[in-house]
Amino acid sequence: MPPDATETKRRLLTAAVEEFARYGLAGARVDRIAETAAANKRSIYMHFGTKEELFDRVVADSMVELAEAVVVDARQLPGYAGELFDRLEQRPHVRRLYLWAGLERQQPIDVEVEEYRKNVAAIGAAQQAGEVRDDIPATELMAMVIALVISWDTASWSLKALASETGHDSFTRRRTAVTAAVAALVRPPVTASSG
């Protein structure tokens, strides 16, 4: 009886997530993925194509999983930022894959584009309703919210050391700071007529 291709694909994807999150696209090795998955290299190419295609699949799957777990409520972007922060803390490999993809694979992934399209449309609707500031385009505002959520991951190690010295490096403090920053960012400006 031939081996179960579905189980092999599952093992390969699990191994690929670990490999790409740790080493990125350039540093990842197909041999290690195959070895970790107890499969042969040929099965990777047969099921997923090239290493780049496998990377794209892993990133896309991770981003879709994240989007399904943390749904954007454009009227409550600080709450969304807090939930996203929590989810990325629980699943740090997703954060690393996101960062690796931004560095090494500078091209859109269709399923990720579609998830962002929904979020940007929701933000645009909230802007039109006056619930979110409208002087920043919705796409850029979404990018800024995400940047605030992952800001600690992209901060210099020297800055992180300084926060550690002052006792400002706890999860709770970072999460509170992120949600406060997002709240300030997205708040519609107070006009003289709205008093």
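Quick notes
- Highlighted here are the helices (runs of 4 or more DSSP H) found entirely within segment 90-195 that include at least 1 residues which are touching a Phe, Trp or Tyr at 6+ places or on another chain (Cβ under 8 Å) and over 19 Å from V72 (Cα atoms): 92-104, 157-166, 171-186.
- Condition met for V182 (in contact with a helix residue (DSSP H, G or I) (Cβ under 8 Å, 6 or more places away or on another chain) and either modelled with pLDDT under 95 or open to solvent by less than 50 Å² (accessible area, probe 1.4 Å) (or both)): yes
- Looking at P92, P78, just one residue is in contact with a Ser or Thr (Cβ under 6 Å, 6 or more places away or on another chain) and open to solvent by 30 Å² or more (accessible area, probe 1.4 Å), and that residue is P78.
- Only one entry of V71, V59 meets the criterion of being open to solvent by 80 Å² or more (accessible area, probe 1.4 Å), under 14 Å from the mean Cα position of the chain (by Cα) and under 30 Å from A122 (Cβ atoms), and that entry is V71.
- Qualifying residues in segment 12-51 (those that are open to solvent by less than 70 Å² (accessible area, probe 1.4 Å) and of a type in the set (D, E, K, R)) - the one nearest to E104 (Cα to Cα): K51
- Considering residues of segment 91-109 that are free of Cβ contacts under 8 Å to residues at least 24 places away in the same chain and over 12 Å from the mean Cα position of the chain (by Cα) only, the residue nearest to A60 (Cα to Cα): P108
- Per-region count, segment 129-146, residues of a type in the set (D, E) and exposed (fewer than 14 other Cβ atoms within 10 Å of the Cβ): 2
The values are calculated or read from the model by the stated rules, or taken from the named source; none is laboratory data. Everything numeric here is computed off the predicted structure, so don't read it as measured data. When we count neighbours, we look across all protein chains shown, and the Cβ atoms used for this are built from the backbone with ideal geometry, even at glycine. Areas reflect the complete protein model, heavy atoms only, side chains present, ligands, DNA and RNA absent. Shrake-Rupley method; radii C 1.70, N 1.55, O 1.52, S 1.80 Å.
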